[in-house]
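Data block below; observations after.
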Amino acid sequence: MKSAVPRALRNARRIFPRASSTRSSSLSSSPRLGNNRLSGTTTLTSQHRNFSATTGLRDIDEDKDRKWSTPLAKQLAAAIELTGPIPLASFMRMCLTSDIGGYYTGAIEKDRDQFGLKGDFVTSPEISQVFGELIGVWFLTEWLAQGRQSRGVELVEVGPGRGTLMDDVLRTIQSFPAMANSIDVIYMVEASPELRMAQKNLLCGEDAPMTESKVGYHSVCKYNALPIVWTETIKSIPIAPHKMPFIVAHEFFDALPIHAFELVSVPASKSEAPSSTDNSSPSSKTTTPTLQWREMLVSPTPPGSTHESLKTPATQSRETPPPDFQLTRATSSTRHSLYLPESSPRFRALKSTVGPGALLEVCPDASLYASDFAARIGGSPQHPKPKPSGAALILDYGPGDGTIPTNSLRGIRKHRRVSPFAEPGLTDLSVDVDFAGIAESATRASEGVEVHGPVAQGDFLELMGIRERAEVLAKRAGEEKGRAVEKAWRRLVDRGPGGMGKVYQALAILPENGGRRRPVGFGGDVVQ
Ligand code: SAH
């Protein structure tokens, strides 16, 4: 019988390089989701107001001298005054990555970043080094299973934060010179100039120069003097048929903007009723209500609003200024409401399975990234690949059972749940990831890939041997630090409400092999 622990992992000491220090500084802060992921979401249905062009714009007119909570809020209000309410995705994009002062692009104070005790949230690689080490081992197991290619391996990370995960991955792969020597280049997709610099300092050293080219920013890694290239989107990374890309996305997809919709029953008007040539048939007999999707839009809150008047949910802290913006439901179809809910059979089915009141979140950027990963691994009509190779590992939070996320937008600030519409640019925004949607986009984009999972992070990490590795680390660390190591890894696999083992999921995109070989961590064993 196959052991649950991959062969290569049974002797953890053999695999892992020297332990580095424990990451106890972040142990007492809460993960990105807070203690209960479902407790503080903005309830689109209970909070939104129906938008009508006249009331929405009058609010703004009365509001010329209004004091906005951030410079970005002021810019957004000015834009909405010109264009009318904007899609939630546009609002999220501006709040997270706008040049005017997005959350990842310069808005937060200079003396802190997004992570750890002083920041807003803490992520798995910042909690325990074992997390990144096991991802390094996962790539190693794929490299072994796919024939130990001696050149052409690319490591790609999207949304690398402080660079901690990539550092742990690289340190681990260094213990396997044959794989380490197969790596040509490391690509980092990062929107934040500050985090890009933090990553460079960690992976290349503070003194290492960074140069700019047409593709992006370049430096040389402290491991094996590998070239590292930073780009702002994955589209800037070249695709070549003989490359073997190993891609990791940890807590990246949850930061991509979503469009949100609600299904409404619309009484058929005369113009919408099927035209009848039979004049004797009264129109009331031929008109039946139709189901139509309405997009949720963002518009300013009325001047003088308070948390009380806006009914900020009890699960969100009221220590922020009252939200500058609110969700409104469009009164008619928008460009996006006509095509995004039609873009997948899963979405289309909601009309019959749920009916009026159905909610839907769609993340077009997630589809783009998933399709891109799939094309790099499996080839596509635009980028044919003679032999699929490489792998992508996506770790994030979202339903693991194929359900489509709804009401999942959250605001997070200093480890607390806040309104996602308070202090735009200073508030982190995140949403649940539609893993089934990612799987669908990947397999649609390339015939050369297959998808495994999602599986719960706790299962993935335990199958990867987290317990064995952490025990080795804890022993080496001594009694007191050992306890911190223990607490940290247990939190990553804890299936309870405060833990990260169940709400976080892992999904793998691999070269197509008819489902014959399951990857390690997803039920498969190591193939050497
Ligand atoms: N993976 C890291 C960081 C997660 S936070 C960790 O687990 O610790 C999200 C990361 O994605 C940050 O590095 C942020 O700057 C980056 N990011 C967010 N939106 C992005 C976008 N649209 N394009 C590129 N990077 C983005």
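The values are calculated or read from the model by the stated rules, or taken from the named source; none is laboratory data. No experiment lies behind these values; they were computed from the predicted model shown. For neighbour counting, all protein chains shown are included, and Cβ atoms are generated from backbone atoms with ideal geometry for every residue, glycine included. Protein only, heavy atoms only, side chains kept; ligands, DNA and RNA dropped before computing areas. Shrake-Rupley method; radii C 1.70, N 1.55, O 1.52, S 1.80 Å.
A few remarks follow.
- Portion, in percent, of the accessible area of the stretch 185-263 that falls on carbon or sulfur, probe 1.4 Å: 58 percent
- Normalised by residue number, the volume inside the convex hull of the Cα atoms of the stretch 70-123 is 80 Å³ per residue.
- Per the Kirkwood formula applied to alpha carbons, the stretch 457-516 shows a radius of gyration over Rh ratio, Rg over Rh, of 1.13.
- With one equal scatterer per alpha carbon and no solvent term, the Debye-computed log10 I(q)/I(0) for the stretch 301-434 at 0.21 1/Å reads -1.29.
- Mean Cα-pair separation over length for the stretch 314-436, i.e. relative contact order, pairs under 8 Å, 6 or more apart, %: 31 percent
- Relative intensity, log₁₀ I(q)/I(0), of the stretch 423-472 from a Debye sum that treats every alpha carbon as a point, q = 0.31 Å⁻¹: -1.11
- Alpha-carbon spread of the stretch 392-453, three principal axes, descending order, Å: 44, 20, 16
- Ellipsoid semi-axes for the stretch 107-198, based on the Cα gyration tensor and the rule √(5λ), read 29, 14, 9 Å when sorted largest first.
- Summarising the label geometry, the points placed 7 Å from Cα in the beta-carbon direction at Glu479 and Asp99 lie 5.9 nm from one another.
- Aspartates and glutamates whose Cα lies under 18 Å from that of Lys67, excluding same-chain neighbours fewer than 8 positions away: Asp59, Glu81, Glu319, Asp324, Glu423
- Accessible area of the stretch 400-528 belonging to carbon and sulfur atoms, whole % at 1.4 Å probe: 47 percent
- Sequence-distant lysines (8 or more away, or on other chains) whose Cα lies within less than 17 Å of Lys502: Lys487
- Where only C-alpha atoms are counted, convex hull volume of the stretch 358-432 per residue in Å³: 150 Å³
- Computed label-point distance, nm, for sites Asp207 and Ala178 using a 7 Å Cα→Cβ extension: 3.7 nm
- Cα centroid of the stretch 100-145 to Cα centroid of the stretch 494-528, whole Å: 20 Å
- Heavy atoms of the protein chains alone define the surface here; on that basis the stretch 94-177 has 28 Å² accessible area per residue at 1.4 Å probe size.
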